[in-house]
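Just below is one structure, and these are the notes that go with it.
The values are calculated or read from the model by the stated rules, or taken from the named source; none is laboratory data. Just so it is clear, the model here is predicted, and its values are computed rather than measured. Ideal geometry is used to build each Cβ from the backbone, glycine not excepted, and the neighbour counts take in all protein chains shown.
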Amino acid sequence: MNLDLPLAIRAFEILLGWSLLLQSIEYLRLLKLDRVGDWRIQRAEVPTTWVRHMLDLLYRPMPYSGMLWLRGALALALMMGHAGPGSAVLLFLMALLILLRWRGAFNGGSDFMTLVGLTGLLLAHVLSLFTDTANAWHVALWYVAVQSLSSYFVSGWVKLMRPEWRSGRALTVFLDNAVYGPLPANSLYRQPQLAMLCSWGFIVWEGLFPLALLDARLAALFCTVAAVFHFLVFWFFGLNRFFWAWLSTFPAILYCASA
Amino acid sequence: MDTIMRAMELTALLILAYFAWLAVALRKRQRTVQGPWLFLLRAFFPNWHFFHGLGPAPRLWVRAQSQPGQWSNWQAVYPRLPRQASHLLHNPSVNLALSHQNLVEHLATDIHDLAENADIRDCVSYQLVTRLASDAVQGGSWADTPMLQRPDGFTPQAFQFEIRLLHLGQAGEAQLLLSPVIPLRP
């Protein structure tokens, strides 16, 4: 189950590229769907005058949609293994510009994890200029893996400290308030004992995720459960971007557990 | 060989120390650092606190006026959309709806943090929520799903919105903000 460096790099690039491609297509669709966001209002939040003026130019309809098309093309290039340092820098800068366009985040955690992946990609390419490529990627994948493991660990730990999670009540309430909710009246998740069992399952699994680094087989198991978990998060909360953003970090976890 | 082993042990120790520090840090009360750039660049400092606890949840409510004195009922603007398996690949309408709910939560935070003598109407979040409320009363939708569950069926001349704080899992709610009556442009 060991994942060597070349395979880990390819898997990481393909999954990150795929995640970026799906996001870019969604952003292009949002140009027509969104009637609330208005840069003429939002620009007031940018405190630096010259940055505000520069963003005024970049967020006009043509340059902005051009940037999204370019992002999609670079995501495809990344998937095909043709993204060099220039692409890594551009993808990182575009992620930053898109975040600013959406007042710091469009989709919360998935934006943050996408930025972690892009920072890893940027690290690998920038460090390659100073050291050999293998070392650079080694550092980059460790960066991505530690961030991803931290996300699970923190998420599990903060739940452990909350009585409503320990009792299972929070799970039912959040599912009831989810975008695809509310839960049907006879849903299994309304049973307090099952809700508590599920909650403890998540808390323990998330809190113990850093143990994945001990062994590649353990990492594979943790990542498989994580994929199912993120699918369930999508199924109930509609968070499709979370699924792909976190999946793109799994090659880094598997590689670090194999190293 | 010894050097490699020592380096690996050191790496393992560092990782262990990092997660131990993380666990201890999470138990302490977090200091909130604020600033316009920190808000816009918060993606660089993720806290990974997803669905961490049941707290007050802000909700947007709107009502429309067809002619002076004739108001519709208050209705919540809260994202509820039908699930589709294809959303795993392409889900712009749900993601947009969720970003609108985030906007309402940002407005609630801005109201809470509002400085004395400051006017909430100057806040970007207030102005954007006004646009959201305006869109909702004028039959706006998230793709094919209307923002209001029971569209009023008349042409509104003006509208009003309210931010209410709901305590998830408990009965009752509190009013956080009531907007003035806002005329709609013909």
Residue count for segment B:82-132, restricted to those that are of a type outside the set (A, V, I, L, M, F, W, C) and closer than 15 Å to B:P180 by Cα = 7
Residue tally, condition outside any loop (DSSP other than H, G, I, E, B) and at the interface with chain B (Cβ under 9 Å from one of its Cβ atoms), over segment A:164-191 = 9
How many of the residues making up segment A:52-67 are crowded, with 16+ Cβ neighbours inside 10 Å and not in a helix (DSSP H, G or I)?
-> 1
Would you mind finding the one in A:F12, A:F112 that is away from every other protein chain (no Cβ under 14 Å), modelled with pLDDT of 95 or more and closer than 30 Å to A:A212 by Cα?
-> A:F12
With respect to the numbered conditions (1) within 14 Å of chain B (Cβ to nearest Cβ); (2) on the phi < 0 side of the Ramachandran plot, which one is the sole condition not fulfilled by A:A140?
-> (1)
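One line per residue, one yes/no per condition, for (1) surrounded by fewer than 20 Cβ atoms within 10 Å (Cβ to Cβ); (2) free of Cβ contacts under 8 Å to residues at least 24 places away in the same chain:
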site: A:L74; (1), (2): no, no
site: A:P85; (1), (2): yes, no
site: A:A88; (1), (2): no, no
site: A:L91; (1), (2): no, no
site: A:A95; (1), (2): no, yes
site: A:L99; (1), (2): no, yes
site: A:R103; (1), (2): no, no
site: A:S110; (1), (2): no, no
site: A:L118; (1), (2): no, no
The correct count of residues that are more than 30 Å from B:P92 (Cα to Cα) and outside any helix (DSSP H, G or I) in segment A:192-244 is 2
Can you name the condition, by its number, that B:T155 falls short on among (1) touching an Asp or Glu at 6+ places or on another chain (Cβ under 7 Å); (2) away from chain A (no Cβ under 13 Å)?
-> (1)
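When segment B:112-134 is examined, which residues are found to be in contact with a Gly (Cβ under 9 Å, 6 or more places away or on another chain) and in contact (Cβ under 8 Å) with a residue 24 or more places away in the chain?
Answer for segment B:112-134, where residues must be in contact with a Gly (Cβ under 9 Å, 6 or more places away or on another chain) and in contact (Cβ under 8 Å) with a residue 24 or more places away in the chain: B:L128, B:L132, B:S134.
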Residue ID - farthest from the other protein chains (Cβ to nearest Cβ), chosen from residues in segment B:102-111 that are surrounded by fewer than 18 Cβ atoms within 10 Å (Cβ to Cβ) and in contact (Cβ under 8 Å) with a residue 24 or more places away in the chain = B:I111
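Would you check if there is a residue in segment B:112-120 being within 25 Å of B:P68 (Cβ to Cβ) and either at pLDDT below 95 or within 19 Å of the chain's Cα centre (by Cα) (or both)?
no
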Report yes if A:A77 is over 25 Å from A:F231 (Cβ atoms), at pLDDT 95 or above, out of contact with any Leu (no Cβ under 9 Å at 6 or more places or on another chain) and among the small types (G, A, S), otherwise no.
-> yes
Could you check, for segment B:75-82, whether at least one of its residues is among the charged types (D, E, K, R), facing chain A (nearest Cβ under 7 Å) and assigned to a helix (DSSP H, G or I)?
-> no
Which members of segment A:2-51 meet the condition of being more than 20 Å from B:L96 (Cα to Cα), touching a residue at least 24 places away in the same chain (Cβ under 8 Å), over 22 Å from the mean Cα position of the chain (by Cα) and part of a loop (DSSP other than H, G, I, E, B)?
-> A:N2, A:D4, A:V46
List the number of the failed condition for B:L176; all other conditions in (1) over 18 Å from B:L107 (Cβ atoms); (2) at pLDDT 90 or above; (3) more than 13 Å from chain A (Cβ to nearest Cβ) hold.
-> (1)
